[in-house]
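Trainee: Pasting a structure here, questions to come.
The values are calculated or read from the model by the stated rules, or taken from the named source; none is laboratory data. Worth saying up front: this structure is predicted, and the values here are computed from it rather than measured. So basically every Cβ, Gly included, is an ideal-geometry build from the backbone, and we count neighbours across all protein chains shown.
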Amino acid sequence: MGKEYLGEFEELVLTMVGILQEDAYGNAIVSEIKERAGRDVLLSAVHVTLYRLEDKGLIKSKMGGATNARGGRRKRIFTITNAGLAMLRAIKEMRTDLWKLIPQLKIAGR
Amino acid sequence: MSRQKDPPRLALRFLKWFCPSHLYEGIEGDLLEAFDVDVEQVGLYKARRRFAYQAVRFFRPGIILRNTFASPFIQRAMLKNFIVVAWRNTVRNRTYAALNIAGLALGLATFLMMYLVVRFENSFDRYHKDADRMYQVISYDKFNEPTSHVPGAVIKFLRENSGVESASAALAWPPNVIKVRNENLQQEHAFYVTPEFMKTLDIKWIAGSPDKSLSAPYQVVLDEPTAHRLFPEGAMGKTIRVDNAYDVTVTGIIQKVPVNSEFQFEFIISYKTVDRYASWQSNENNWGGGDSSHHGYVMLKEGVEAADLEAQLRKQAELHKEHGQYAYFKLLPFSEIHFTEDNDTYNYITPHWLPDTLFYIGLFVLVIACINFVNLATVQSVQRSREIAVRKILGSSRGALVCQFFVETAVIVLMAEIIAGGMATLLVGHMDYLLSTHVASAPVWNGNTFGFLLLTGLAVTFASGFYPALILSGFQPMSVMRNKLAALSARGISLRQALVVFQFGIAQVMVICMLIALKQMQYFHTQNLGFDSKSVITIDMPDSGDEMKREHLRQQLLKHSAIKDVTFGLTSPSSTRNWWWWTIKHPNLANGAATFRLQFVDTSYFRFYKIPVVAGRMFQANDTSKTNPVVMINEQAVAALGFATPEEAIGTKLGEGDNVELRTVIGVVKNYHSQSLKADIVPHLYSFRKSNFYLASFRIDPLSAKEAIALIGKYWTQEFPDNYFKYAFLDSDLRTFYEDENKFSNMLTTFAGVGIFIGCLGLYGLVSFVCTRRTKEIGIRKVLGASISSILLLLSGNFLVLVTVAFAVAAPIAWYVMQQFLEQYTNHIEMPWSAFAVAGAITFIMAVMPVGWQSLRASRANPSDSLKYE
């Protein structure tokens, strides 16, 4: 099996799951993305991505307890797995390494 | 109040319908939560809309398919296993796999090629932007006879009609000669066309435009290849002399017209030129008859019904009855032009039955191939039974097994399709030759072709894989493991027998049809037409009126022994074109008038063509006198005029069209076939009019044909130095009558052969299977003293009985089909019973060969070899 790669949106959603910890479910992720990244995303797109990440073993899910809100429907709560964390870390490190390679001392004035 | 706060119920139901149940709760909850927030923030109306939108957006593969592939990992692993097993099976049973693939590939290639032909023929002139509003006008005379001639007055009427977007005339009239840089050249595909027509067709203009390039007289537009051929250095503005009569200037160049168009325009002269040069063709006051290659085309405004216009035209024809030739007109949709035989076509006609029959023949061949597959799969089933039993014991569901067999079938079909695609690509050119179409010149591989292959592949996979999958997946593991397959194989064999009968039934129907069609063709080609067409060369005369030149040519040529005889006339006794019709008036005729075919003949014409005069006399040199015009007729005309014997007709006087003078009948010639044998003999009127000799006929000595042609060429060029010398053999011209039938019998011959061949492949597989299974039995029989011949009979007898049964089924079907086929021809052969015998013999021999060979091999095997192991 080759190395798994993440798409940009997948990475975003995975990060949000990591941030929200025990409170990561569809709507929460949508509003978190809206708040932190300023992007309007479709609920369905988030759901599909979550299931895909689950297939890849980067997050896992369980049904939360029933509440009175949401018409009594339970939430599907996602939590990041160790593999997911490792993946995020690897991405971040690679970014940093690459960033270092860009010449930074360019003088901007003309 | 809370009811009003509900989200749209329809959206929820839709979500519930497609959403996998294990995901549903989480998704619905999220949607409802967002809805509650929205109701607070943006109001109920907007919130409901957002809810519906968000819910519908969940309708995507990532959600929907999660249901179907609940455990995608296992499924994918099994699929891989299926393909591996399929591949191993293919490799292990190479003979069967090869037989299967070869049969299916042949069947698929046939079907694919048929599809290509049908698609090509059906694509004619459908590509024009407004093709659905474009029509060709077809005229019908008082006798309901259709013709494609449209008089100028009709075109004028249509052009001025409010429901018509544009009406145009076109005239096909290839010049005898064109002169470029003092060189005499020939130019086919030459037309006189109005600019309106060029605008309605989808034609790409490289230089010029319809309005600028064709609106004045003496303008010509060339297509690109012609422009290059005539003027390699650039054609625009150059002049060409046409028929030594007038000059035209090149004012435009168009791209070559696609091959799937009736309008193969290469040399387009502005229609205005016709007014100057032959105004009788284009005369806008003419309601009468004329040249059948003078067509009328019309483009209706959107929403206008063709029937409305037809009614208006009928009224107009009624108004101009006095000097009108036609009773009514019909509008033929553009897409039908290519299929309508009443049309004096600009390209070629394919009657509907031809592509239709082709398609069904392709389908039948494919069915034969599918049956092969089913048969071979069922005989192999015994070998596979253990594998299936083990799979079942290990927990495979029946569905998974069915899936496995379909995958195996699909692998074989895919391989066959790849081969079939290659074969079709290579052979489609050959197919063009057999059917004289131009499929190969049109793009063959496009999205449609792949779509067709995909669909056919799926259908074939399903048809061939269905039965094996059903039988094999139904095995009971217990009985298989205990080697109790007897009951099962008995069932399998009876179906196998039925399929073999079906397969060979189809093949034999095709063979019988082929033989009878070929016989009918042979009859057409060898039937005595009533005149002698052997060793006759014909040449179109450029200057029909010049008697001096004509006689000079005749005198010169007759001095040579290679030229036996020379004569002149309107056409040869039988020709595919240039038919003139004349209204003949006589009190004996019904309504006092009838239409006779008109033929202008020289004094030597009947002698030349060996057409006997049965009464009266032939024309003599002095019969041209205006005071006592004389004519001859044929026996059919005698009958039409109501005379009992030809002698009685001599001296009778006939009225001719509007002429006041009556013509005296001086002679009657024996009937001969002036049209194809598909039609009846029509009444003829012969007239000796020297100004209408458009064709010269030369009978040559077949032993010195080359010399004769050289001589004719030499003297002809001397008399007509400004013309292009082009000759034709009458024999081969006459064959063009039967082009459709030729195509039909050609393709039947090919595909009946392919069908039988595929069937034999299957038989070979079946017999070889039986032989391997009965190796020991044969060994024991031989040890006990059985002769080779008795074993041969034992092994192959069963199959030969099947082929015989198939013949018994096929013969009546073929008889019925061919009865229909033959009855459409006026002159047809009797149902040839020998064809049935020959067809039976051919299939029998074809079947005996593989069966006999395999059985012989098995029966000659040394029993010690076959009994040794175990």
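Trainee: Among B:774, B:699, B:735, which is of a type in the set (D, E, K, R) and crowded, with 20+ Cβ neighbours inside 10 Å?
Mentor: Criteria check complete, one pass: B:699.
Trainee: Oh, and also: Among the helices (runs of 4 or more DSSP H) contained in segment B:765-864, which hold 3 or more residues that are within 30 Å of residue B:518 (Cα to Cα)?
Mentor: Output list reads B:788-823, B:833-860.
Trainee: Applying the selection to segment B:230-282, what residues are β-branched (Val, Ile, Thr), in contact (Cβ under 8 Å) with a residue 24 or more places away in the chain and not in a helix (DSSP H, G or I)?
Mentor: B:240, B:242, B:248, B:249, B:250, B:251, B:253, B:254, B:257, B:259, B:268, B:269
Trainee: Tell me, please, whether a residue that is modelled with pLDDT of 85 or more and either more than 30 Å from residue B:201 (Cα to Cα) or of a type in the set (D, E, K, R) (or both) can be found in segment B:335-343.
Mentor: yes
Trainee: Would you check if there is a residue in segment B:218-229 being free of Cβ contacts under 8 Å to residues at least 12 places away in the same chain and either in a helix (DSSP H, G or I) or in the same structural domain as residue B:173 (by TED's automatic domain parsing) (or both)?
Mentor: Checking segment B:218-229: at least one residue is free of Cβ contacts under 8 Å to residues at least 12 places away in the same chain and either in a helix (DSSP H, G or I) or in the same structural domain as residue B:173 (by TED's automatic domain parsing) (or both).
Trainee: A further question on this structure: Identify all residues within segment B:266-284 that are among the hydroxyl-bearing types (Ser, Thr, Tyr) and either touching a Gly at 6+ places or on another chain (Cβ under 7 Å) or at pLDDT below 85 (or both); write none if there are none.
Mentor: B:277, B:279, B:282
Trainee: Going residue by residue through segment B:262-281, is there one that turns out to be of a type in the set (D, E, K, R), crowded, with 21+ Cβ neighbours inside 10 Å and within 20 Å of residue B:211 (Cα to Cα)?
Mentor: Checked segment B:262-281: at least one residue is of a type in the set (D, E, K, R), crowded, with 21+ Cβ neighbours inside 10 Å and within 20 Å of residue B:211 (Cα to Cα).
Trainee: When you scan segment B:701-720, do you find a residue that is within 30 Å of residue B:97 (Cβ to Cβ) and not in a helix (DSSP H, G or I), even just one?
Mentor: no
Trainee: Same structure, new question: Give the residue, chosen from B:154, B:180, B:137, B:150, that is over 30 Å from residue B:284 (Cα atoms) and of a type in the set (A, V, I, L, M, F, W, C).
Mentor: Step by step, each of B:154, B:180, B:137, B:150 is checked, and only B:180 is over 30 Å from residue B:284 (Cα atoms) and of a type in the set (A, V, I, L, M, F, W, C).
Trainee: Here is a further query. So how many residues does segment A:56-82 have that are outside any strand (DSSP E or B), under 19 Å from residue B:21 (Cβ atoms) and without any contact (Cβ under 8 Å) to a residue 24 or more places away in the chain?
Mentor: Qualifying residue count for the region: 6.
Trainee: Between B:93, B:144, which is surrounded by fewer than 22 Cβ atoms within 10 Å (Cβ to Cβ), out of contact with any strand residue (DSSP E or B) (no Cβ under 6 Å at 6 or more places or on another chain) and within 30 Å of residue B:325 (Cα to Cα)?
Mentor: B:144
Trainee: Which one of these is modelled with pLDDT of 75 or more and either among the charged types (D, E, K, R) or in the same structural domain as residue B:742 (by TED's automatic domain parsing) (or both): B:489, B:436, B:479, B:464?
Mentor: Exactly one residue qualifies, and that residue is B:464.
Trainee: What helices (runs of 4 or more DSSP H) completely inside segment B:69-175 contain at least 2 residues that are under 30 Å from residue B:351 (Cβ atoms) and of a type in the set (A, V, I, L, M)?
Mentor: The helices (runs of 4 or more DSSP H) meeting that bar are B:94-122, B:152-159.
Per-residue answers, yes or no, for (1) among the small types (Gly, Ala, Ser); (2) touching a helix residue (DSSP H, G or I) at 6+ places or on another chain (Cβ under 6 Å); (3) part of a helix (DSSP H, G or I):
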| site | (1), (2), (3) |
| --- | --- |
| B:11 | yes, yes, yes |
| B:15 | no, yes, yes |
| B:22 | no, no, yes |
| B:25 | no, no, yes |
| B:35 | no, yes, yes |
| B:41 | no, no, yes |
| B:51 | no, yes, yes |
| B:58 | no, yes, no |
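Trainee: Restricted to segment B:38-63, and to residues that are at the interface with chain A (Cβ under 9 Å from one of its Cβ atoms) and farther than 14 Å from residue B:9 by Cα, which residue is surrounded by the fewest Cβ atoms within 10 Å (Cβ to Cβ)?
Mentor: B:61
Trainee: Confirm whether residue B:596 is on the phi < 0 side of the Ramachandran plot and free of Cβ contacts under 8 Å to residues at least 60 places away in the same chain.
Mentor: Answer is no for this residue.
Trainee: Give the residue that is surrounded by the fewest Cβ atoms within 10 Å (Cβ to Cβ), with candidates limited to residues of segment A:51-72 that are closer than 20 Å to residue B:57 by Cα and facing another protein chain (nearest Cβ under 9 Å).
Mentor: A:52
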